[in-house]
Structure formats: structure tokens, C-alpha cells
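Encoded as C-alpha cells, the structure appears first; notes follow it.
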Amino acid sequence: MRWGRCHKGRQARTIPDHLGTSSNFLSPSLLSPAHMSATSSLLTVSPDRARRIFDDIEEQFRLDRDALIKITEQFLTDFRLGLSEYNQAMAMIPTFVTGVPNGTETGTFLALDLGGTNLRVCEVQLLGNHQFHLRQQKYKVSEALKTGEASALFDYLADSVDAFLTEIGSESPTMPPTSDPFTSSPSLLDMTQQPSIPLGLTFSFPVEQTALDQGKILTWTKGFSAKNAVGHDVVQLLQDAFNRKHLHVRCVALVNDTVGALLSRAYSAGGCILGSIFGTGTNGAYLERVENIKKLGDSPARQKGGFMVVNTEWGGFNNSRTVLPTTSFDNKLDRESINPRLQAFEKFISGMYLGEITRNVLLSLIDAAPRPLLFNGKSSDDLNRHYGLDTAVMSEIEEAWEVGREDPLSGHSDAPKVNGVRPDWQFMHFTDVDKLPHEDVVRLERIRGIITQRMGISASDVSLTDAAIVRWAVSLVAERAAKLSGCAVAAVLVQTERARIGGGFVPDEERIIIGVDGSLIQHYPNFGTKLRDSIRSLVGAEVEQRVDIGLAKDGSGVGGQFAIYLRLDYRS
Ligand code: BGC
């Protein structure tokens, strides 16, 4: 933020004396009648005091290169710890996926995907030329199901598969009743008495896998807390539900959505080293040398050697928060969450939480004492409600600000100067709203509209300065998330010996292929670019330029399907 710089040398204009400030106002020529009715709360506060408050917030969110390096180094330490011992915060889960597709695979299978927001049943037909067809149905998972009895949740999953099969049908080959070389879960044997449709489950929560079709739920995340699930085998929970409903469907393989992203990107790009999700939750799975997964001991999987996909569960990185730049707003979020002290990294990064952090920042400005700094001190039902500010609203605000900008991240080199200084557009000059060019005022107008519509604040309480403050708060939270995401990706590059922290290393590969999925990386304006900036600052431009980040198209569906492919060993 550049408070001081832009204030220097400014002439006091038409601010009424009793408001006691000489700069925080909007130029009347720029204001429509609607603005005139909304007076900035800043007008009532001494500029120095306001500046201190805003500077303090900005300082809390600041992450310089040294901090990013420290975080990345801690990632590497935690990776190694998680690979050596079970029950670590960063679980580093062996997935028993030991190969990735190359795009020539064919076949049609059914997959069920339970993510953070949606439940999907899909049938994927791999065409063998890096392409696939997908037929899918989405179902909503209600709060009651997320937090009730696990059996009700799994019954709902089974019902959704049933509905898909009834309404859409399946072309998947069935598994014959007699031959069952597949299942390693004895409880599933009874199902082998009937021909059944094999199904791959993409389950986007931490599961300690012991085989490709076995794994106990370690914990819930992303607002789920269904009872009697943690500690139970997720494949069995699902199979039991299929059995209860006499559905001839057999869950034969289990993957995390990050593994799905890795497999899907590998299928379309011909290879991939990391699948990562930046959506409602965050996580990454990468190809690790089996010899490094020390906690597998002398197991056959370890003895076999080669590579295995490891699901890092990086959302649980640094739960002790020794290196994460925790602000008072994060502390509040964590304390009020259903899983305090857990998923620390995820709470800084993911779509489930960014809106809530921003809400906390905005409330602190609304409630600032002795005088409010935002919206005349007025809040709304939406802003008062826990999780009442959706991250999608942040995305809309950033988009409204970015529309029409030629080079949004370059510092706006062709931007007009303000008081002889070219503004740093990363942070809005909300003290200088009156000096902004017309098109920026139009952008703030749009943001003002979003605030009234999506946050429910009355138009008469939202000034253009308020709009600029909101946009500033939103960008602080999102930028920190993107930078931290870059640390996780950079740590994988270093762990897999493709990069060194600090740079100066040129990997053998021309392309380091990474698959990504999730609402933030797909839809949040500039999230991907900022993530890349962070990677570059950590491992240097040589490596960063070789990193080919691409969307893992329908990763959860394709991943679940490819897991079946591996499980039934269609490769041979
Ligand atoms: C879960 C991960 C998942 C990620 C992205 C996290 O909350 O723990 O298993 O991969 O969200 O969906």
C-alpha cells in the first residue's frame, strides 16, 4: 500500500473542515448522485490513524521472498518426515498407484466423485488418443448429510449411483461373478456372487491407503464431519451401502482427487509429475521414488521399487503455524472452524476459507473504534453470518477490477501517473480515489454494485473509497493464497530433484508437466499468474519456464476411472 507517497504534496480540496482530513474524499466531478449519498467512513478518521490500521493489516498479510523460502524449506522437512513416519500432520500417503497413463489407454468405466462441494457420478470412455468422453450427473450434498451419520451419507452416494444407472445407464463391462482376482477386502467377497459393474471412487479427503482398494478415513475436511466414518475403510463404507441397496456395483479402486488430477493430465499430456487442487480445498499428489517412502518398510510395494504417487495432504502443512504468516483474522477463522488447529495451510489457501478471512478483515474495519473505517460502520446479515462471504464474491470483485486492463499484473506500465508517481496497482490507492482515471472509477462503480448486491450493504453506506478498500482487502487475501500455493508446488519440484531453492538449476526435462484443478485456479482472476510468480521467485526462471501447468480436465472422473484400469490391470 502506498499511503504516504500519494498523499505528499496534495492540495486540500473541498473537504469540509469539521471532517478533519485533507485528502480522503471523492472528486465531485466523478460522482454520480448515487455516490453522493455514500460518504466514505475514512472522512471521519484522522489519516494517520487510518493509515496505521491499514498498514498494520497489510503488514500482517505481507510475504516477502525470504518468508516464502522459509516456508518452502519447511515443506521439504515435512515431506521427508511424512514419508518416513505415519501419523504426521502432512500425511504423505502412499497411494499404490505406481504408473501413470500415456494417453493410449482405452475402456469405459464408472466413477463416483465425492469432493468438497459436489458429488458426481460419471462414466468415462477413454478413446486411446489422449481424449475421452464423459457423461456425468451432479448431485448436491446437503449440510445435514455432511454432518450427520456416515451411513446416511454413503446411502446417498449409493442412491446417486443408482439414479445415474437408471437415468443414464452404463456401458461399462461387468465383472463376472466367479472370477474375483481383484478384491483384497474380504467383506466384498459376497458381492462376487453376482456380475457387477466396477466403480472407481474418487474421494477428496485424507485416507490412509493400504491398497488401491482399501483405506481408512483419517479425518474429515472442508466442512464435513459425518459421524462414524473416521477410522473406517471408505471402500467398505461405500460397498456396504451398495449392498444394503442390492446394487450390483463393486467399488474396486480408490483415489484422491489430486491423484485423479495427476492421472488425467498424464492421460491428455502424455505425462505428469504433480496433480494439485486449488478449489474448495487444496492438496497435491506427486510421483515419488518408492525408495524414499521409508515408512513402507520392507513391504512388497517398497521392494518392487520404481515410482509411486504420494498424496501429500499438504492442506495439513504446518498445523503448528511456526512458519505460516498467521494474522488475527486467520486465528479467528481457525478458532471458529469445526477443525481448529487442523488443515492450517488449507485455511490460508482454499476457496472454502478465503471469503471468511476477507469477511473477518472487513468486519474489523466496520467495527474499528472509536470510528469505523468502512461502510459507515454498518454491516449486513450476510457479512454477520459465519461463512457469509463466498470466495466467489471475491472473484467477482477482482474480475470487476481487472476487466479491460491490458496487463493486469505488470504494474500497469501505461497507467497514468498520480501526483507524478505511477501507482502500484497491486494495492489500491483508496486514499486517492478522487485522482483515479475515469475507467478506474467505472471499475470501482462495478465493485460498489457487487458489494451492495452480494454483501447486502445498503448503497447509501458504500462509497467508492469503500469499494477500493474492499478490493484491496480481497487482493491481500488472494495474493497471499497464491504465493503460498507457489511454495507447495516449488517444494515438489525441489523434492523431485527438478529444482533448487534459490534457482540456478536447469532440469533435464524441457517440460515439467503439472495438472491442476479447482475453482480458484480455474476461475479466480490472476491466481495462476501469481502462483507462477511465486514459483519463479523460489526456484528461478529457468525452472519456472519449463513448468507446464495445465488443467487436469475432469480429473476426478478420469482419475477414478483410471484407478479401475490399474486395479483390474488392464495394462497387461
Ligand atoms: C482434502 C484432500 C483433497 C483436497 C482438495 C482437502 O481438504 O484433505 O484430500 O485432495 O481437499 O479437494
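Exactly one residue among 347, 332 is of a type outside the set (A, V, I, L, M, F, W, C), at negative phi and either surrounded by fewer than 24 Cβ atoms within 10 Å (Cβ to Cβ) or more than 25 Å from the chain's Cα centre (by Cα) (or both), and that residue is 332. I need the full set of residues from the range 444-463 which are in a helix (DSSP H, G or I) and buried (at least 23 other Cβ atoms within 10 Å of the Cβ), in order please. Hits for the range 444-463 are 444, 447, 448, 451. Of all residues in the range 509-532, those that are acidic (Asp, Glu) and within 15 Å of the chain's Cα centre (by Cα) total 1. For residues that are within 26 Å of the chain's Cα centre (by Cα) and of a type in the set (Asp, Glu), scanning just the range 248-302, find the one that is farthest from the ligand (Cβ to nearest atom). Here the answer is 288. Residues in the range 368-388 that are in contact (Cβ under 8 Å) with a residue 12 or more places away in the chain and part of a loop (DSSP other than H, G, I, E, B): 368, 371, 372, 373, 374, 378, 379, 380, 386, 387, 388. Just for the range 105-128: of the residues that are surrounded by fewer than 20 Cβ atoms within 10 Å (Cβ to Cβ) and β-branched (Val, Ile, Thr), which one is farthest from residue 147 (Cα to Cα)? In this case the residue turns out to be 106. A residue that is more than 30 Å from residue 118 (Cα to Cα), more than 16 Å from the ligand (Cβ to nearest atom) and of a type in the set (D, E, K, R) can be found somewhere in the range 545-558. Mind checking which residues of the range 70-104 are among the charged types (D, E, K, R) and buried (at least 18 other Cβ atoms within 10 Å of the Cβ)? Scanning the range 70-104 gives a single hit, 78. In the condition set (1) in the same structural domain as residue 129 (by TED's automatic domain parsing); (2) crowded, with 20+ Cβ neighbours inside 10 Å, residue 223 is compliant with all but (2). Checking each residue in the range 519-572 for being crowded, with 24+ Cβ neighbours inside 10 Å and of a type in the set (Gly, Ala, Ser) picks out 534, 552, 555, 556, 557, 559, 560, 563. The single condition among (1) within 16 Å of the ligand (Cβ to nearest atom); (2) under 23 Å from residue 552 (Cβ atoms) that residue 225 does not meet is (2).
All conditions in (1) modelled with pLDDT of 95 or more; (2) surrounded by fewer than 24 Cβ atoms within 10 Å (Cβ to Cβ) hold for residue 362, with the sole exception of (2). Does the range 308-317 include one or more residues that are more than 17 Å from residue 480 (Cα to Cα), away from the ligand (no atom under 16 Å from the Cβ), buried (at least 19 other Cβ atoms within 10 Å of the Cβ) and not basic (Lys, Arg)? Checked against the condition, which is being more than 17 Å from residue 480 (Cα to Cα), away from the ligand (no atom under 16 Å from the Cβ), buried (at least 19 other Cβ atoms within 10 Å of the Cβ) and not basic (Lys, Arg), the range 308-317 yields at least one hit. Listed by first and then second residue, the pairs linking a residue in the range 307-324 that is closer than 13 Å to residue 492 by Cβ to a residue that is assigned to a loop (DSSP other than H, G, I, E, B) and more than 16 Å from the ligand (Cβ to nearest atom), with Cβ atoms under 7 Å apart and 6 or more places separating them unless they lie on different chains, are 310/293. Say whether the condition of being touching a residue at least 12 places away in the same chain (Cβ under 8 Å), under 23 Å from residue 468 (Cα atoms) and more than 16 Å from the ligand (Cβ to nearest atom) is met by at least one residue in the range 334-353. No, every residue in the range 334-353 fails to be touching a residue at least 12 places away in the same chain (Cβ under 8 Å), under 23 Å from residue 468 (Cα atoms) and more than 16 Å from the ligand (Cβ to nearest atom).
The values are calculated or read from the model by the stated rules, or taken from the named source; none is laboratory data. The structure presented is a predicted model; accordingly, all values stated were derived computationally and were not measured. Every residue, glycine among them, receives a Cβ derived from its backbone with ideal geometry; neighbour counts consider all protein chains shown.
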